[in-house]
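What follows is a single structure, written as structure tokens, with notes after it.
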Amino acid sequence: MNKVVFCLILLIGNTAWSYEKFVLDNGFTVYLEKNNQNPLVAIQLWVNVGSADETESTNGISHFTEHMILKGTTNYSGENIGNTIGKYGNHIGAWTTKKQTFFSTEILAEGLPDVLSVFSEIAKNAVFDENDIENEKRVVLEEYSTRKDDPMSLINSTFFSLVFPSSTYRMEEIGTVKNINSFNRIDLLSHYEKYYTAKNMMLIVVGDISVEDTMKLINAEYSSLKSGQKNENNSVEVNSYKHTYEEYLKKIPQTLIKIGIVVPSNEGKDYFSDKALIEIIHSGYGSRVNRELKEDLNLISSVSAEYAKYVGMSIIFINIECPCEYYKSVLKQVNLVFGRPITEEELDRAKEQLKTGIYISRSSVEGIASDIAEAITYNLPYNVEDQISMINSLNSRELGKYKSENYNKFNAVIFNPYQLRYDIPYK
């Protein structure tokens, strides 16, 4: 076993943030951080595979595999998995994204040995019972129907189809009805055995632990994992032209607008430039969109922002809901809001909000574990002092240049109420 100690330590009061990296002989990577502020432990298992690694005929298999793993393993039934985690106060959360599948929980520290055993079973011993597969198809199809009835889910999938027309990023994580119905045990085992391997996963454990004792447990549970190969992240082809797409839906009372800005991700400082622009333009009470379009002009009902980061790029999303007769005015005002220079006052406010967000994230073991995963996956600084330094180094001139280079090619998807096609005038 190889060990790399990352001396990333920042002392604030009695708090030290640092993690240690271990690599087992089979290539399985482990990140541990001791934090004994509370008798809690966060455990996260990350698998480097998602819907962007699929084909047209296998689209949805990463998500379906995630579902099936929790139905049972060699040594734990689905019920036993739930009961074991529940004994220590929680449950397992599981998600599939474009490039990752992960399993996460936060438990009482006394349950660490039992829960590490459950997570090792997830990583290496899923059984994929044929009866469970058929039953779970109904569950996933119901989830599919729910998503298709959700306008926000629809507008999100439409955006990815618009911006990534020739890339697998256009495909939805849940897959298609045809594929969901076609998956069998051989398909799922093949996917599982290819991607759920030591070199293609990482385990993060943060909380009230002994690093030495925890590594003994992990060695015992995870050394038998097959090494496999790491799934490489390929470059993504983006439709970089500015596009606007409109559609009419019958079940929405107001117009929904999803604006997305796709920017090349050079990591490090650009990450904080994106975050600062989100605070200045889109997110929160003091942002330009909220203050001007909602509070001053009363054009919109709500606004929210999302930040999606992938290897090689990031996407800043703005979600707007507005009365349908105002949507053209909204788009015009958004263009004006994007175009104005960044002021020192706006930047100072954004910096303080970003710093606050860092400390809030580090206030829980789950937040610390997620920060480690983000730092490792996207080559970002983990040390809080380094993050604060990068935030403080932002200046309005460079941020304005960054904005002008990336914000002039935003894509917009607009869902209008069906009746707008006929009888509602634009304002």
Within region 108-124, residues more than 20 Å from residue 66 (Cβ to Cβ) and either touching a residue at least 60 places away in the same chain (Cβ under 8 Å) or of a type in the set (S, T, N, Q) (or both) come out as 108, 109, 110, 111, 112, 113
Apart from one, (1) under 30 Å from residue 86 (Cα atoms); (2) at pLDDT 95 or above all hold for residue 190; the odd one out is (1)
Residue pairs within 8 Å by beta carbon, gap of at least six or interchain, first lying in region 370-388 and not assigned by TED's automatic domain parsing to the domain that holds residue 200, second of a type in the set (D, E, K, R) and part of a helix (DSSP H, G or I), listed first then second, are 380/374; 382/371; 388/355
For residue 122, are the conditions met, namely being touching a Leu at 6+ places or on another chain (Cβ under 7 Å), part of a helix (DSSP H, G or I), in the same structural domain as residue 160 (by TED's automatic domain parsing) and modelled with pLDDT of 95 or more?
yes
Scanning region 282-301 residue by residue, those in contact (Cβ under 8 Å) with a residue 60 or more places away in the chain and under 24 Å from the mean Cα position of the chain (by Cα) turn out to be 284
Going through (1) over 19 Å from residue 313 (Cα atoms); (2) over 23 Å from the mean Cα position of the chain (by Cα); (3) surrounded by fewer than 19 Cβ atoms within 10 Å (Cβ to Cβ) one by one, residue 394 fails only at (3)
Residues of region 103-123 being among the polar types (S, T, N, Q) and either closer than 9 Å to residue 40 by Cα or under 25 Å from the mean Cα position of the chain (by Cα) (or both), in sequence order, are 104, 105, 120
Subset of region 91-117, residues in contact with a Phe, Trp or Tyr (Cβ under 6 Å, 6 or more places away or on another chain) and either part of a helix (DSSP H, G or I) or among the aliphatic types (A, V, I, L, M) (or both), comes to 92, 94, 107, 108, 111
message: under 23 Å from residue 224 (Cβ atoms) and either part of a loop (DSSP other than H, G, I, E, B) or in contact (Cβ under 8 Å) with a residue 60 or more places away in the chain (or both): is that true of residue 128 in this structure?
response: yes
Taking region 95-124 and keeping residues surrounded by 17 or more Cβ atoms within 10 Å (Cβ to Cβ), closer than 16 Å to residue 195 by Cα and not hydroxyl-bearing (Ser, Thr, Tyr) leaves 98, 99, 100, 102, 103, 119, 121, 122, 123, 124
Selection from region 19-59 of residues surrounded by fewer than 16 Cβ atoms within 10 Å (Cβ to Cβ) and either at pLDDT below 95 or not acidic (Asp, Glu) (or both) yields 36, 37, 38, 39, 55, 57
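The values are calculated or read from the model by the stated rules, or taken from the named source; none is laboratory data. For clarity, every value in this text was computed on a predicted model and none was experimentally measured. Neighbour counts run over all protein chains shown; Cβ positions are idealised from the backbone, glycine included.
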